[in-house]
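Comments concern the structure below.
The values are calculated or read from the model by the stated rules, or taken from the named source; none is laboratory data. Because the structure is predicted, anything quoted here is derived from the model rather than measured. With ideal geometry, Cβ positions are generated from the backbone for all residues, glycine too; neighbour counts draw on all protein chains shown.
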Protein chains: 2
Amino acid sequence: MRQHRIQLAESEMPTRWYNVLHDLPTPPPPVLHPGTGQPVGPDDLAPLFPMALIEQEVTNAQYVEIPGEVLDVYRLWRPSPLYRAYQLEKALGTPARIYYKYEGVSPAGSHKPNTSVPQAFYNARAGIRRLTTETGAGQWGTALAFACAQFGLECEVWQVRASYDQKPYRRMMIETFGGTVHPSPSTLTAAGRAILAEHPDSSGSLGIAISEAVEVAAQHADTNYALGSVLNHVLLHQTVIGEEALLQLARVGETPDLLVGCTGGGSNFGGLMFPFLRERWAGRMSPTIRAVEPTACPSLTQGTYAYDFGDTAGTTPLMKMHTLGHDFVPDPIHAGGLRYHGMSPLVSHLYETGEMEAIAKPQSECFAAGVLFARTEGILPAPEPTHALAAAIEEARRCAETGEEKVILTALCGHGHLDLPAYASYLAGSVTDHEWGDSDTQAALQASLARLPQLS
Amino acid sequence: MRQHRIQLAESEMPTRWYNVLHDLPTPPPPVLHPGTGQPVGPDDLAPLFPMALIEQEVTNAQYVEIPGEVLDVYRLWRPSPLYRAYQLEKALGTPARIYYKYEGVSPAGSHKPNTSVPQAFYNARAGIRRLTTETGAGQWGTALAFACAQFGLECEVWQVRASYDQKPYRRMMIETFGGTVHPSPSTLTAAGRAILAEHPDSSGSLGIAISEAVEVAAQHADTNYALGSVLNHVLLHQTVIGEEALLQLARVGETPDLLVGCTGGGSNFGGLMFPFLRERWAGRMSPTIRAVEPTACPSLTQGTYAYDFGDTAGTTPLMKMHTLGHDFVPDPIHAGGLRYHGMSPLVSHLYETGEMEAIAKPQSECFAAGVLFARTEGILPAPEPTHALAAAIEEARRCAETGEEKVILTALCGHGHLDLPAYASYLAGSVTDHEWGDSDTQAALQASLARLPQLS
């Protein structure tokens, strides 16, 4: 009898995170202080993060033990299921075998709680009383609010004003989990007040929201800041995804030929791929690893590998990464989680060193993939992972022509229940695609990088 | 190590539905034709339903085999998980052990696909090309649209105008699964046009929407009608819930002392409870079985056990059931799935014969339970099952006082991702409760029943 879901027992849940830094063939460039141009140290980060997370950001240990208190919360939804997409394969008439690792079963409906839970735990253990963060569409704010509820922390979220007004469901979910949401820019911070003085009707940006959340955290000893992607410790926490998927594929005797995942900040992608990279470096498998980004925000395929700020306002340390320029504002595509100007330094380094490839997809092709997936597999995907699904379907169709029985594993990082207006817009024919490459955009990128502090 | 989730293997999924009719200590009263006052026969139902479902409506066999094509689709989300609510128990400080059977993992996010899938299958096998149905808030329409996509049927849904306008997310989900949604009353049917002629601004009702869907199905030989609750064959299909839960509790060596579920039309409740009733009648366990209904629509605790119509317009056969009168219009509480004037004849019969008990809960207590559940267990429940959760929490708190280590099993029949505005309303303090018992309502019930056709 065919088996649709490969489900691990709770006793098989990973008990340690995998640190890809330990096994990288070459080390990635250091993160630099924008004032001194020197590598940042723990003291630079201590006003915002507890020491346990700072250590995880820089450690070279191959594995980090997951605390029992974190495992107890992970157990609410982990191990997450791996599915064989029989109904999708049938619809495509492909000899390829398609598997998807589904993170939409989590409390927030995405992979984000894999890191919000340990971040809340380590902060609570360090005596912190409150966490601040920014959120755009709201996935990360939801995940952090849930994690704070588990460990008795207050959670204060600055949400980009445009999303706050237009996507109220996410805000309601953050509040149901006990979090407080402020539209950003707000009058609660100097950064917010400065923006509002100049632009009273500002619809906000992630950069402004980060500035507000960081400002409040830096001003209060009992308050820290939490980030949902990009940083090393975030990707470290997400490796539970890949460790489980390795076990699950082995359970059905499969070795993947192709791994595909979408990339925004890179945490879902890294979380799935890093354990498979370890296996490839050890000679136990040789999958192709493919990142899929939106044509409207193609940091890997069209960006430059350079030192740049992580936020629009230019307040973070400088990271060597693929970037479209820290003041690049992507088109308002529906996959809000993929609208980030940069890319995790770890993923950027792997791309630059040829360990993985990347392609870009227009959103209409991605929504078509999402609708086909919903009608066949019964899961409505978030707009972000429809990018990975589009690439998986493209490969499976290629296999239908060539007859290749490729094993494809795709990261289905979240459900789209709160993204239904995006699907309605697609079905109504009002989704537009972005063509990259006009000279204005390239010139803007070069100008943005030219404005960076000069590094020695 | 504690185990949060009890997950069955796909090979342990039930392969047959359990028919409680076979084991009832006394048979339930027959369904009557409103014109003749005589029991309805297969020919009366043939214009709307395929013969396979009509047979399931009246069969006395103890079990009905589930077709392989239906099992293949069930496998997309079944067996559904049973969870031990460790985090909730900790928050309540109770010695009770609380388990919940979660149906929110289905494509529609509730138990409804358990019956929409076989209904679509049997109709497709009978050569039917299109199914029509009504939907209120939209759960049932979503489930039927998904099932039709699986078997290549068209799906046409008449959605109550008020919900169509106010709850667009469900409509969008139906359309994403490939269904067509009409606001009801519509100009597409004589029933709809008649209402609109008199009330151009009508916000519709379930009764009107049923009339429209039935009218279209009756007029076209290639079109049938599908119903999402109340009928025997619907409850039959839902027994996969209870069969799985029995296996799952046995897996961890537990015997339930109390089973609680919410009741609207009764299909989620019956689906969980019937297999446990079989075990109780066989002397293998002796759980208390408790239905929980909203104080705003208390058909079991305040209604009358009488023959009544299933729809507001009075077009269905007459069923002996607990009813508030077929023209009763309940307050617009957020648990739209529990706003039904009647109750499944099977559940009504079991209540009348003392096999189960029933209580009513005001919605504010239910939302408080839902918020506590979300923050502890990480799942946002739909407003309907918060009624069952409120009763489970009430019992667990009682156990905290008495020290009893009761085993409580509750039916968590769906997630509340598309019900977030209801939570926001509760958190804002604007949810109001309904006190039952004013004489006007009782008088209206008696008047409604007095208007029924006279039966011999």
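When the residues of segment A:164-188 are filtered to those that are assigned to a loop (DSSP other than H, G, I, E, B) and buried (at least 22 other Cβ atoms within 10 Å of the Cβ), which remaining residue is nearest to the other protein chains (Cβ to nearest Cβ)?
A:Phe177
May I ask you to list pairs of residues, at least six apart or on different chains, whose Cβ atoms are under 7 Å apart, with the first in segment B:57-68 being exposed (fewer than 15 other Cβ atoms within 10 Å of the Cβ) and the second being modelled with pLDDT of 95 or more and part of a loop (DSSP other than H, G, I, E, B)?
B:Ala61/B:Asn19; B:Gln62/B:Asn19; B:Glu65/B:Thr15
Would you please name the residue that is modelled with the lowest pLDDT, looking only at residues in segment A:42-56 that are of a type in the set (A, V, I, L, M) and part of a helix (DSSP H, G or I)?
Among them, the one singled out is A:Leu45.
Can you name every residue in segment A:338-365 that is touching an Asp or Glu at 6+ places or on another chain (Cβ under 9 Å) and more than 30 Å from A:Ala313 (Cα to Cα)?
Within segment A:338-365, A:Ser364, A:Glu365 meet the criteria.
Return yes or no: is B:Gly127 on the phi > 0 side of the Ramachandran plot, modelled with pLDDT of 95 or more and surrounded by fewer than 20 Cβ atoms within 10 Å (Cβ to Cβ)?
For B:Gly127, the condition - on the phi > 0 side of the Ramachandran plot, modelled with pLDDT of 95 or more and surrounded by fewer than 20 Cβ atoms within 10 Å (Cβ to Cβ) - is met.
Before we move on, is B:Thr132 touching a Lys or Arg at 6+ places or on another chain (Cβ under 8 Å) and more than 14 Å from chain A (Cβ to nearest Cβ)?
It is false that B:Thr132 is touching a Lys or Arg at 6+ places or on another chain (Cβ under 8 Å) and more than 14 Å from chain A (Cβ to nearest Cβ).
Would you say A:Ala145 is touching a strand residue (DSSP E or B) at 6+ places or on another chain (Cβ under 8 Å), within 13 Å of another protein chain (Cβ to nearest Cβ) and either crowded, with 24+ Cβ neighbours inside 10 Å or assigned to a helix (DSSP H, G or I) (or both)?
When the stated conditions are applied, A:Ala145 passes them.
Does A:Leu92 meet the test of being surrounded by fewer than 24 Cβ atoms within 10 Å (Cβ to Cβ), more than 13 Å from chain B (Cβ to nearest Cβ) and over 19 Å from the mean Cα position of the chain (by Cα)?
It is true that A:Leu92 is surrounded by fewer than 24 Cβ atoms within 10 Å (Cβ to Cβ), more than 13 Å from chain B (Cβ to nearest Cβ) and over 19 Å from the mean Cα position of the chain (by Cα).
Quick check on my filter: what residues within segment A:105-138 are closer than 25 Å to A:Leu380 by Cα and in a loop (DSSP other than H, G, I, E, B)?
A:Val105, A:Ser106, A:Pro107, A:Ala108, A:Gly109, A:His111, A:Lys112, A:Gly136, A:Ala137, A:Gly138
Name every residue in segment B:351-368 that is β-branched (Val, Ile, Thr) and farther than 24 Å from B:Ile333 by Cα, in order of residue number.
B:Thr353
Under 7 Å by Cβ, and 6 or more places apart or on different chains, what pairs join a residue from segment A:246-274 that is in contact (Cβ under 8 Å) with a residue 12 or more places away in the chain with one that is surrounded by fewer than 19 Cβ atoms within 10 Å (Cβ to Cβ) and in a helix (DSSP H, G or I)?
Going by the 7 Å Cβ cut-off, the qualifying pairs are A:Leu246/A:Glu279; A:Leu247/A:Glu12.
Any residue at all in segment A:275-286 that's over 30 Å from A:Thr432 (Cβ atoms) and in contact with a Phe, Trp or Tyr (Cβ under 6 Å, 6 or more places away or on another chain)?
The answer is yes, given that some residue of segment A:275-286 is over 30 Å from A:Thr432 (Cβ atoms) and in contact with a Phe, Trp or Tyr (Cβ under 6 Å, 6 or more places away or on another chain).
Among the residues of segment B:11-45, count how many are within 14 Å of chain A (Cβ to nearest Cβ) and either surrounded by fewer than 18 Cβ atoms within 10 Å (Cβ to Cβ) or over 30 Å from B:Tyr102 (Cβ atoms) (or both).
So the answer is 3.
Can you name every residue in segment B:66-87 that is small (Gly, Ala, Ser) and facing chain A (nearest Cβ under 9 Å)?
Hits for segment B:66-87: nothing passes.
Looking at (1) buried (at least 24 other Cβ atoms within 10 Å of the Cβ); (2) over 30 Å from A:Phe276 (Cα atoms); (3) within 14 Å of chain B (Cβ to nearest Cβ), which is the only condition A:Trp158 fails?
Failed condition: (3).
Is it true that B:Gly138 is within 14 Å of another protein chain (Cβ to nearest Cβ), surrounded by fewer than 24 Cβ atoms within 10 Å (Cβ to Cβ) and under 23 Å from A:Gly109 (Cα atoms)?
It is false that B:Gly138 is within 14 Å of another protein chain (Cβ to nearest Cβ), surrounded by fewer than 24 Cβ atoms within 10 Å (Cβ to Cβ) and under 23 Å from A:Gly109 (Cα atoms).
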